[in-house]
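Working notes, beginning with the structure itself.
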Amino acid sequence: MTSRDVFSSRPFLRYWRANAVSGLGTYVTLFALQALVVLTLHGSAEDVGWLNAARWLPYLVFGLVVGAIVDGRRRLPLMVRSDLAQAALLLTIPILWLVGLLSLPALLLIVIAYGTASVVNSAAAMSFLPRLIEPRHLQPAHARIDGADAVASTAGPALGGLLVSAAGAPVAVLLDSLTYIYSALTLRRIDRDEPPPRTGVTARGLVSEVVDGVRWAYRGSGLCTLAVATHVWFVGNAIVGVVLAPYALRTLDLTAFQFGIVGAAGGVGAVVGASITTWVGRRLGTGRTIIVCHVITTAGVLAMVLAGQGLPEAGTIAVIMAGQGLYGLAMGMSNSHEMSYRQLVTPDELQARTNTTLRSFNRAVVVIIAPIAGVLADAWGVRPMLLLAALIFALVAAGLAATSFRTVRAPT
């Protein structure tokens, strides 16, 4: 079966469509929630930091256990149920806003619950994909998924900016709720046999399975170097995620719609990155491709800093869009190689645990760093924090280049 056959098969297309549509809604919501905190609830950079921490806190608290549970269950039904749970939780945000009860604490509680359902969904979805297609098609499949995600990241912020400007941030969240419902209905139509769920698992056995997953991720699999580098990368990414909205909306004085267009530039870069990443990977190899992506990320953040250096409005928007474009380009190129490499060296019975173990520690970084970054941004200013993020990305690239990881190629 060729890659073209895989991408035209109904099971993969349904998986891809569900992921693409819910991804679009997610980008609308991620934009809308930050705008809601800054514009509707009149929050600070510190408040945005708490919002980002709440979004990823469930990975820190539940991630390792969820991975062990998902490895013992049929993954497709879990994807459907968690999609419906996310839809219901997001729907409560505009309802609370309509009745005048929406506040930052209430929003954070909803986001924590939403993030918990997202942990289950992502663990099931990522570990289900290797059951859907052959191993040799994993990297192109991830690239195709990343391409859809890149389009969503392009359209989502622009659509979010338009909706926020026209109807307010809480109403924009409604779109994401509907997209999760569509995803659940689409996934239910996939016909795929999965191993029966494990039975008789005790609490002690579950702990043992969690330990096995951590041991595999950091010792037995050879993923440790990439895992640690990615954890450090998330420090820089958490800083950017916290300071970008206050930087654009307050320091640069962009409107919500202009900020949405800036975010869309990142999506355009990601589309380009996802479209060329397989070609680049074949020539550079997995390790060198990921290293190059970190160098591009560094350049993107430095461009964002330059946007605030006394330029006219048009120049400011153009430069920060260029920075976002480079940032998106790097993410669009790197993710499929990281994910496919991780899955190709991991057996099926450890897929969910490996994915959630590494994601849990990545998100733990966000939970810890995001509030700190918000406090420091309020104290020092957002530009120094962006420069710190650029330094971190540069150190990640240099660190990987100094190890044998630079010669890694994904197994086939």
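The values are calculated or read from the model by the stated rules, or taken from the named source; none is laboratory data. Since the model is a prediction, treat every value here as computed from it, not as a measurement. Cβ coordinates were reconstructed from backbone atoms using ideal geometry, including for glycine residues, and neighbour counts include every protein chain displayed.
Restricting the search to region 133-151, which residues are in a helix (DSSP H, G or I) and either farther than 11 Å from residue 275 by Cβ or out of contact with any helix residue (DSSP H, G or I) (no Cβ under 8 Å at 6 or more places or on another chain) (or both)? 135, 136, 137, 138, 139, 140, 141, 142, 145, 148, 149 - these are the residues of region 133-151 that are in a helix (DSSP H, G or I) and either farther than 11 Å from residue 275 by Cβ or out of contact with any helix residue (DSSP H, G or I) (no Cβ under 8 Å at 6 or more places or on another chain) (or both).
For every residue, the table says whether it meets (1) among the small types (Gly, Ala, Ser); (2) closer than 21 Å to residue 85 by Cα.
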| residue | (1), (2) |
| --- | --- |
| 160 | yes, no |
| 166 | yes, no |
| 170 | no, yes |
| 173 | no, yes |
| 176 | no, yes |
| 183 | yes, yes |
| 186 | no, yes |
| 191 | no, no |
| 194 | no, no |
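Could you please let me know if residue 282 is of a type in the set (Lys, Arg), modelled with pLDDT of 90 or more and surrounded by fewer than 24 Cβ atoms within 10 Å (Cβ to Cβ)? When the stated conditions are applied, residue 282 does not pass them.
Count of region 246-265 residues, restricted to those that are closer than 18 Å to residue 55 by Cβ and modelled with pLDDT under 85, is 1.
From the list 130, 94, pick out the single residue that is farther than 25 Å from residue 366 by Cβ, touching an Asp or Glu at 6+ places or on another chain (Cβ under 9 Å) and assigned to a helix (DSSP H, G or I). Just a single option satisfies the conditions, and that option is 130.
Residues to consider are 66, 80, 28, 37; find the one that is more than 21 Å from residue 175 (Cα to Cα) and either touching a residue at least 40 places away in the same chain (Cβ under 8 Å) or touching a His at 6+ places or on another chain (Cβ under 8 Å) (or both). Walk me through how you get there before you give the answer.
Values: 80 fails: more than 21 Å from residue 175 (Cα to Cα); 28 fails: more than 21 Å from residue 175 (Cα to Cα); 37 fails: more than 21 Å from residue 175 (Cα to Cα).
The conditions single out 66.
Within region 49-56, identify whether any single residue is under 30 Å from residue 190 (Cβ atoms) and either touching a helix residue (DSSP H, G or I) at 6+ places or on another chain (Cβ under 6 Å) or part of a helix (DSSP H, G or I) (or both), and answer yes or no. Yes - at least one qualifying residue is present in region 49-56. Candidates in region 363-403 are the residues that are surrounded by fewer than 18 Cβ atoms within 10 Å (Cβ to Cβ) and under 29 Å from residue 210 (Cβ atoms); of these, the one that is modelled with the highest pLDDT is 399.
Here residue 45 meets each of (1) of a type in the set (Gly, Ala, Ser); (2) under 16 Å from the mean Cα position of the chain (by Cα); (3) at pLDDT below 85 with one exception, condition (2).
Can you confirm whether residue 73 is assigned to a loop (DSSP other than H, G, I, E, B) and not aliphatic (A, V, I, L, M)?
Numbers: assigned to a loop (DSSP other than H, G, I, E, B): yes; not aliphatic (A, V, I, L, M): yes.
So residue 73 passes the test.
Taking (1) in contact with a Leu (Cβ under 7 Å, 6 or more places away or on another chain); (2) modelled with pLDDT of 85 or more; (3) not acidic (Asp, Glu) in turn, residue 360 satisfies each apart from (2).
Against the definition (hydrophobic (A, V, I, L, M, F, W, C), modelled with pLDDT of 75 or more, touching a Pro at 6+ places or on another chain (Cβ under 6 Å) and surrounded by 13 or more Cβ atoms within 10 Å (Cβ to Cβ)), how does residue 223 come out, yes or no? Full working, then the answer.
Working: hydrophobic (A, V, I, L, M, F, W, C): yes; modelled with pLDDT of 75 or more: yes; touching a Pro at 6+ places or on another chain (Cβ under 6 Å): no; surrounded by 13 or more Cβ atoms within 10 Å (Cβ to Cβ): yes.
No, not satisfied.
For residue 177, are the conditions met, namely being buried (at least 20 other Cβ atoms within 10 Å of the Cβ), at pLDDT 80 or above and more than 30 Å from residue 300 (Cα to Cα)? Answer is no for this residue.
The residues in region 123-167 that are among the aromatic types (Phe, Trp, Tyr) and buried (at least 24 other Cβ atoms within 10 Å of the Cβ) can be counted, and the count is 0.
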